[in-house]
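Student: Below you will find the structure I want to go over with you.
The values are calculated or read from the model by the stated rules, or taken from the named source; none is laboratory data. Note that this is a predicted model, so its numbers are computed, not measured. Backbone-built Cβ (ideal geometry, glycine too); neighbour counts: all protein chains shown.
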Amino acid sequence: MSNNYIKIDTLNTSLLFGVYDKQVEKLYYGERIPDAPEYSVYRMKRRQSHPSVDDVVRKNDIISYFGQGNSRQFLVELEDEDGCHNLQFELESVKQIEGAAVDIKGLPYAHGKTKTVVFEFRDKVGGLSLFARYSAFDDCDAICVSHAIKNNSKKPYVIKRFMSMQLDIDETGHELTYYDGAWARERQCKKIKLDSGVFFTGSSSGFSSNRYNPFWMLKTSYGGYYATNLLYSGNHKEIAEALPIGLTRIMTGINDERFAWKLEPKETFDTPEAVMAYGESQESITTNMHVFVKNHILRGAFKEKPRPIVLNSWEAMYYDFTKERLLELAKVASEVGVEMFVLDDGWFGGRDCDDRALGDWTDNPKKTGGLKDLSGELHAMGLQFGLWFEPEMISPDSDLYRKHPEFVLRGKRSPVVTRSQLVMDLVNPKVADYIVSALDKIIVEANVDFIKWDCNRVMTDVYSKFSRGGEYAHRYILALYNILERITSAHPHVLFESCAGGGSRYDLGLLAYMPQVWTSDNTDCADRLLIQEGTLVAYPPCTLSAHVSICPNYQTSRTTNIAARFNVATAGVLGYEYDLTKCSKEEKQVIGEQIAFYKKHRDTFQYGDYFLIESAFDTTKPSWIKVAKDKSFAIAVIVRVNEAINRERGKYRLRGLCDDANYKVTVKDKDTTFAASGKILNSYGLDLTGLFGYDALFEPVSLMLIIERE
Ligand code: DGJ
């Protein structure tokens, strides 16, 4: 802090605060600025609003609430016992701490912080303390922000809104990019210009959802990008307010729809952490988000470990399997080089189809031949053993439901049943204990190495005797995190993959417990180009589970060639959803070669630096490259899809290579190699037209380039 200025630096960015009249303003957030004795240039004079008709414009304040002239979207809204919403917070103290300021109780948070600034504001009349916490890291340009409120008074309050992050940005007319979707069509890139008004995305389905991912990116009208994301898996909301006087405010946090949290005397409420980043391009935002997730969100034994190549039984057999069929499939899988056999839905209770038995987490030996034996035989074949669970759900037709109808989240009316299932009342401690012990028992007995944790419906009928209605959705997520903490810490050697009807819960909260995600139930490689790109913008390849599946595709009926299916799946953690027992000898050979190739370059595929070359959302030639840390090796995937006939395709400019180095480029499966400098590959571009042969109009065709430094 110099005088009344506080500056937080990351690798390439700075966030500068100024303290004026017991308020704190954000003076600057952007490209890194040098230390200076004072920074008055960043704030000449506070603009005065028109005395009679304009709102009082509290430009750049880091907190906002009703009262004291605020009338924009608020960070926090509280109601006291008399129904009064007015607040008046003044700065009480500023602390600068090495490392993290707080352990945010019950919520996942980013680890490895190097520096945290904590502002404490007090509302003296109301007896409230509000804490705003900003933390930086030394290896990326991410800044984590969270807030807490403490009730020092003798009366309760109700928190009606409490966002995790607020940032005022100069001017309006910025372009917002967000990622929306639906089942089998997750994270589709959308853009909107923020000229005037309030725009928001979010989820009120109880989960982070496929509808709108919590990640946002704002390209300012004067250059530069601001991105935000939230470490949370429940109802979230992202707000952008563009004011006609020329100011934009962005916020992210828990969705305030139906949120009402009673804050008793002496209690504190913590928001989830948000992360924000500034970069000069979309590419720098992606790079930063990837480093942030890899270094500060993922934890445990699998944080940096090579992820196994999975064969998942779902699209191969669905519910129709016996031990013999599973072992037959596993045998071929091990022959082609698969490392993990995952038995998906259908192995427990009376589960022969999706209308029964969720919650009955006991082995069905008629189908599995005994999980313990099955696991033993798989391990003897050199395969690891994975198992599917959907722990948060219950079927009305299940032994568990018949015994414990009170385990269901049902509100005061009959709950709606979807996919023949209901949501378990996780806030009931007995339900949480049941889930932990049921999974624990199977993990130990069947020597399980991998768990796919599914969640196939949204939360409705939200009410339980264990929580007030307006608190329930958040308490559910806290209970879920607690269950995950208990299970993952008891079984640190088990790799967890989260799934929610495909990629309906791709968020930073769950990634803190489960380091990879089943990206989508749509395994069609043409559709995956979009889904995966919309995911990789904010989440690194080692989190993205991508499987090669049969043709015609189960979801889209499209037929594609196996090379393209493989090339597209190498964008993430490779696996197969495939009845390999039905493959021809030639097909098995191709799959075996694919797996061997992936294993050889696994580190690059899973942990290499990812750069987008051409976007699937904007062009017919989606492509990307993964580059080793030292830039000595890279693999690029170039795809063409839905292309117009007889049209020049232009050149491909690769990314991330070292300009001064010379590289040898080998086109996989084609008899072509050539040499070029990094500068040529990065800047002048490659004409690959001839290598594709004739135009393919709809079916994706692809090339893989292996790039080695000479
Ligand atoms: C939805 C998942 O996304 C699928 O991969 C599969 O596990 C099914 N659930 C099983 O019911």
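Student: For the range 491-530, enumerate the residues that are away from the ligand (no atom under 13 Å from the Cβ), of a type in the set (A, V, I, L, M, F, W, C) and closer than 27 Å to Val639 by Cβ.
Tutor: Leu511, Cys525, Ala526, Leu529, Leu530, listed by residue number.
Student: Can I ask one more? How many of the residues in the range 122-165 are part of a strand (DSSP E or B) and within 20 Å of Met276 (Cβ to Cβ)?
Tutor: Taking the range 122-165 and keeping what is part of a strand (DSSP E or B), we get 122-123, 128-136, 142-151, 157-165.
Filter once more, so that each one left must be within 20 Å of Met276 (Cβ to Cβ): 130-136, 142-148, 161-165.
Summing the residues that are part of a strand (DSSP E or B) and within 20 Å of Met276 (Cβ to Cβ) in the range 122-165 gives 19.
Student: Assuming Ser584 fulfils every condition listed in (1) among the hydroxyl-bearing types (Ser, Thr, Tyr); (2) under 25 Å from the mean Cα position of the chain (by Cα); (3) surrounded by fewer than 16 Cβ atoms within 10 Å (Cβ to Cβ) apart from one, which condition is it?
Tutor: Failed condition: (2).
Student: Thr322 passes all but one of (1) among the polar types (S, T, N, Q); (2) more than 15 Å from the ligand (Cβ to nearest atom); (3) under 32 Å from the mean Cα position of the chain (by Cα); which number fails?
Tutor: (3)
Student: Only one of these is at pLDDT 95 or above, under 30 Å from Leu439 (Cβ atoms) and surrounded by 22 or more Cβ atoms within 10 Å (Cβ to Cβ): Ala333, Ala274. Name it. Even if it seems obvious, please write down each step before you answer.
Tutor: Details: Ala274 fails: under 30 Å from Leu439 (Cβ atoms).
That would be Ala333, the only listed residue that is at pLDDT 95 or above, under 30 Å from Leu439 (Cβ atoms) and surrounded by 22 or more Cβ atoms within 10 Å (Cβ to Cβ).
Student: Just one of the numbered conditions (1) modelled with pLDDT under 95; (2) touching a Cys at 6+ places or on another chain (Cβ under 8 Å) is not true of Ala110; which one?
Tutor: Unmet for Ala110, out of (1) modelled with pLDDT under 95; (2) touching a Cys at 6+ places or on another chain (Cβ under 8 Å): (1).
Student: Evaluate the range 421-441: report whether one residue or more is at pLDDT 95 or above and closer than 21 Å to Asp320 by Cβ.
Tutor: Going through the range 421-441, the residues at pLDDT 95 or above turn out to be 421-441.
Now narrow it down to the ones that are closer than 21 Å to Asp320 by Cβ: 421.
Within the range 421-441, one or more residues are at pLDDT 95 or above and closer than 21 Å to Asp320 by Cβ.
Student: Within the range 167-185, which residues are within 20 Å of the chain's Cα centre (by Cα) and surrounded by 17 or more Cβ atoms within 10 Å (Cβ to Cβ)?
Tutor: Residues satisfying the conditions are Leu176, Thr177, Tyr178, Tyr179, Asp180, Gly181, Trp183, Ala184, Arg185.
For every residue, the table says whether it meets (1) among the hydrophobic types (A, V, I, L, M, F, W, C); (2) at pLDDT 95 or above; (3) closer than 18 Å to Gln532 by Cβ.
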{"position": "Lys626", "(1), (2), (3)": "no, yes, yes"}
{"position": "Ala636", "(1), (2), (3)": "yes, yes, yes"}
{"position": "Leu657", "(1), (2), (3)": "yes, yes, no"}
{"position": "Lys668", "(1), (2), (3)": "no, yes, no"}
{"position": "Ala675", "(1), (2), (3)": "yes, yes, no"}
{"position": "Leu681", "(1), (2), (3)": "yes, yes, no"}
{"position": "Phe692", "(1), (2), (3)": "yes, no, no"}
{"position": "Ile707", "(1), (2), (3)": "yes, yes, no"}
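Student: In the range 592-614, what count of residues is obtained for those that are touching a residue at least 24 places away in the same chain (Cβ under 8 Å), assigned to a helix (DSSP H, G or I) and either within 16 Å of the ligand (Cβ to nearest atom) or more than 19 Å from Gln384 (Cα to Cα) (or both)? Break it down into steps so the answer makes sense when it comes.
Tutor: Residues of the range 592-614 that are touching a residue at least 24 places away in the same chain (Cβ under 8 Å), as a first pass: 592, 594-599, 601-614.
Keeping just the survivors that are assigned to a helix (DSSP H, G or I) gives 592, 594-599, 602-607.
Subsequent filtering for residues that are either within 16 Å of the ligand (Cβ to nearest atom) or more than 19 Å from Gln384 (Cα to Cα) (or both) retains 594, 597, 603-607.
Within the range 592-614, residues that are touching a residue at least 24 places away in the same chain (Cβ under 8 Å), assigned to a helix (DSSP H, G or I) and either within 16 Å of the ligand (Cβ to nearest atom) or more than 19 Å from Gln384 (Cα to Cα) (or both) number 7.
Student: Going residue by residue through the range 467-486, is there one that turns out to be among the charged types (D, E, K, R), more than 16 Å from the ligand (Cβ to nearest atom), farther than 18 Å from Pro415 by Cβ and without any contact (Cβ under 8 Å) to a residue 40 or more places away in the chain?
Tutor: Within the range 467-486 (the criterion being among the charged types (D, E, K, R), more than 16 Å from the ligand (Cβ to nearest atom), farther than 18 Å from Pro415 by Cβ and without any contact (Cβ under 8 Å) to a residue 40 or more places away in the chain), the answer is yes, since at least one residue qualifies.
Student: Search the range 442-454 for residues that are without any contact (Cβ under 8 Å) to a residue 12 or more places away in the chain and pair each with any residue that is within 16 Å of the ligand (Cβ to nearest atom) when their beta-carbon atoms are under 9 Å apart and the residues are at least 6 apart or on different chains.
Tutor: Close Cβ pairs satisfying both conditions: none exist.
Student: Mind checking which pairs have a first residue in the range 297-323 that is in a loop (DSSP other than H, G, I, E, B) and a second that is crowded, with 19+ Cβ neighbours inside 10 Å and at pLDDT below 95, Cβ under 9 Å, 6 or more apart or different chains?
Tutor: So the pair list comes out empty.
Student: Quickly run through the range 202-227 and pick out the residues that are surrounded by fewer than 22 Cβ atoms within 10 Å (Cβ to Cβ) and either part of a loop (DSSP other than H, G, I, E, B) or of a type in the set (S, T, N, Q) (or both).
Tutor: Correct list: Ser204, Ser205, Arg211, Thr220, Ser221, Tyr222, Gly223, Gly224.
Student: Could you say which residue among Arg410, Arg356 is basic (Lys, Arg), more than 24 Å from Met514 (Cα to Cα) and at pLDDT below 95?
Tutor: Working: Arg356 fails: at pLDDT below 95.
The conditions single out Arg410.
Student: When Ala563 is evaluated against the numbered criteria (1) surrounded by 22 or more Cβ atoms within 10 Å (Cβ to Cβ); (2) touching a strand residue (DSSP E or B) at 6+ places or on another chain (Cβ under 7 Å); (3) small (Gly, Ala, Ser); (4) more than 21 Å from Ser334 (Cβ to Cβ), which criterion, by number, is the only one it fails?
Tutor: Evaluating Ala563 over (1) surrounded by 22 or more Cβ atoms within 10 Å (Cβ to Cβ); (2) touching a strand residue (DSSP E or B) at 6+ places or on another chain (Cβ under 7 Å); (3) small (Gly, Ala, Ser); (4) more than 21 Å from Ser334 (Cβ to Cβ) leaves (1) as the failure.
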